[in-house]
1. Just from its helices, what would the mean residue ellipticity at 222 nm be for the chain, if runs of 4 or more DSSP H residues each count -39500 (n - 2.57) and the sum is divided by every residue, rounded to the nearest 500 deg cm²/dmol?
2. Calculate one ³J(HN,Hα) per residue across segment 15-31 by plugging θ = phi - 60° into the Karplus curve 6.51 cos²θ - 1.76 cosθ + 1.60, and present them in order as whole Hz with x for glycine and proline.
3. Calculate, for the chain, the solvent-accessible area per residue in square angstrom, rolling a 1.4 angstrom probe over the heavy atoms of the protein chains.
4. Apply the Karplus parameterisation 6.51 cos²θ - 1.76 cosθ + 1.60, with θ equal to phi minus 60°, to every residue of segment 45-53 and state each ³J(HN,Hα) to the nearest whole Hz, in sequence, with x for glycine and proline.
5. Write down the radius of gyration of the chain and its Dmax, each obtained from C-alpha positions, in Å.
6. At a 1.4 Å probe radius, carbon and sulfur cover how many percent of the accessible area of the chain?
7. List the cysteines in the chain whose Cβ has no other cysteine Cβ under 4.7 Å from it.
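The values are calculated or read from the model by the stated rules, or taken from the named source; none is laboratory data. What you see is a predicted model; the values in this text were computed from it and never measured. Quick reminder, even Gly has a Cβ in these numbers, built from the backbone with ideal geometry, and neighbours come from all protein chains shown. The protein model used for the area step is the full one, side chains on, heavy atoms only, and it has no ligands, DNA or RNA in it. Shrake-Rupley method; radii C 1.70, N 1.55, O 1.52, S 1.80 Å.
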Amino acid sequence: MAYKIDDSCIACGACAGECPTDSITEGDGKYVINASTCVDCGACAGACPTGAAKQE
């Protein structure tokens, strides 16, 4: 299952820099993960300072 970023995202971009498939982009007030290209590696979750990136 792909990861998803919830509303606790502070739009710092830490997750995007760690994504090996460039599946994370800046959205409207928070970052967004493209579920179709996410490989479920968890790098984003490990990089997120607020724990906003979670497995669906």
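1. Values: 2 runs with 10 residues, N = 56.
It comes out at -3500 deg cm²/dmol, rounded to the nearest 500.
2. Per residue, the Karplus-derived 3J(HN,Hα) values read 5, 4, x, 9, 6, x, 10, 6, 8, 10, 10, 6, x, 7, x, 7, 7 Hz.
3. Details: 3310 Å² over 56 residues.
Ligands and nucleic acids excluded, the figure is 59 Å² per residue.
4. My calculation for segment 45-53 gives 5, x, 8, 6, x, 10, x, 6, 8 Hz in order.
5. Rg and Dmax of the chain, Cα atoms, are 9.4, 24 Å.
6. Details: 1600 of 3310 Å².
With neighbouring chains kept in place, the figure for the chain is 48 percent.
7. Cysteines of the chain left without a disulfide-compatible partner: CYS9, CYS12, CYS19, CYS38, CYS41, CYS48.
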